[in-house]
Amino acid sequence: MYGRSDSFKRLDHLTSLGMNPMLQSTPSREQIMLQAIIFDFDGVIANSEPLHYAAFRHVLAKESILLTESQYYTDYIGMDDKGCFAALLTRHHRTLSPDVITDLIRKKSTYFHEHITQSLCLFDGVVDFISMLTKRWPLAIVSGALRNEIEVILGEAGLRDAFLSIISAEDVNEGKPNPEGFLKGLDALNRSEMQSIVQPANCLVIEDSVPGVDGAQAAGMRCLAVSNTYPPEHFAQADAVTDSLAEYDIDALERKLWNT
């Protein structure tokens, strides 16, 4: 979490991203309430982490690099493709260059798209949950996945129009736990057709990974962790934890976190 001095760092960070820090100022106590919700994608909306692991494993095997399921879920989940490939190449003392990583990302994306129609699976209750939220709050997605991967799944699920903005791997310089994606996601919402400016403290992030929770809180946002990928005990730092979004009581969470 940011301390007082970190608040100034966050303002500097907003400015460096081309955002207006005056639109992100700290709200008064009376203004603090839930006004927007940001979703992670893989592991929260789509049960696509197994397919991402299979795609990584397939591409890396051709480079004679073994990635076990345990390694993926322990060390690399929550990273975007660029960060994951860079970390693995470094770990195995391989050549690390932008061209090499770009080629690996392309091959992984090809594998992902070839198999997504067989593997498309949304978590139970998530469509109804999102449909309910759209009637009350503006929604965004901030994900380390590639935009076309997100768009394909949302389109198949009939959920694309539920989200006013999508921040994907292509839109950030640093992946989670860096707060850049969350700050850009909120900035995109504030640039949409909403009637009022939303501050970080008014925003809820729904995440399934520790780096995601850390990034959301570093952005000054509240975070609900969903234990789809990790057991609940991994999320001691989250503001709230649930094992499912099916029939989740968002009103009770709002009362708990915003004292409404």
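I want to confirm something. Restricting to segment 76-97 and keeping residues that are under 17 Å from the mean Cα position of the chain (by Cα) and not in a loop (DSSP other than H, G, I, E, B), which single residue is farthest from residue 170 (Cα to Cα)? Applying the filter and picking the extreme gives 76.
Identify the single condition in (1) acidic (Asp, Glu); (2) more than 23 Å from residue 121 (Cβ to Cβ); (3) touching a residue at least 60 places away in the same chain (Cβ under 8 Å) that residue 174 does not satisfy, given that it satisfies every other one. That leaves (3) as the condition not met. Scanning segment 207-221 for residues that are surrounded by 24 or more Cβ atoms within 10 Å (Cβ to Cβ) and not in a loop (DSSP other than H, G, I, E, B) turns up 207, 212, 213, 215, 216. The condition of being hydrophobic (A, V, I, L, M, F, W, C) and either over 20 Å from residue 212 (Cα atoms) or out of contact with any helix residue (DSSP H, G or I) (no Cβ under 9 Å at 6 or more places or on another chain) (or both) holds for only one of 145, 157, that being 157.
Select from segment 158-198 the residues that are of a type in the set (Gly, Ala, Ser) and more than 12 Å from the chain's Cα centre (by Cα) and write down the one among them that is surrounded by the most Cβ atoms within 10 Å (Cβ to Cβ). Within segment 158-198, the match that is surrounded by the most Cβ atoms within 10 Å (Cβ to Cβ) is 165. For segment 128-145, filtering for residues that are outside any loop (DSSP other than H, G, I, E, B), buried (at least 17 other Cβ atoms within 10 Å of the Cβ) and over 15 Å from the mean Cα position of the chain (by Cα) leaves 3. Can you spot a residue in segment 222-229 that is part of a helix (DSSP H, G or I), crowded, with 20+ Cβ neighbours inside 10 Å and among the small types (Gly, Ala, Ser)? There is no residue in segment 222-229 that is part of a helix (DSSP H, G or I), crowded, with 20+ Cβ neighbours inside 10 Å and among the small types (Gly, Ala, Ser).
For segment 160-183, the set of residues classified as in contact with a Gly (Cβ under 9 Å, 6 or more places away or on another chain) and either of a type in the set (D, E, K, R) or assigned to a strand (DSSP E or B) (or both) consists of 165, 166, 167, 171, 174, 176, 180, listed by residue number. Looking across segment 231-258 at every residue that is in contact (Cβ under 8 Å) with a residue 60 or more places away in the chain and assigned to a loop (DSSP other than H, G, I, E, B), the one that is farthest from the chain's Cα centre (by Cα) is identified as 247.
Every number here is computed from the coordinates shown, using simple stated rules; none is lab data. Note that this is a predicted model, so its numbers are computed, not measured. Cβ coordinates were reconstructed from backbone atoms using ideal geometry, including for glycine residues, and neighbour counts include every protein chain displayed.
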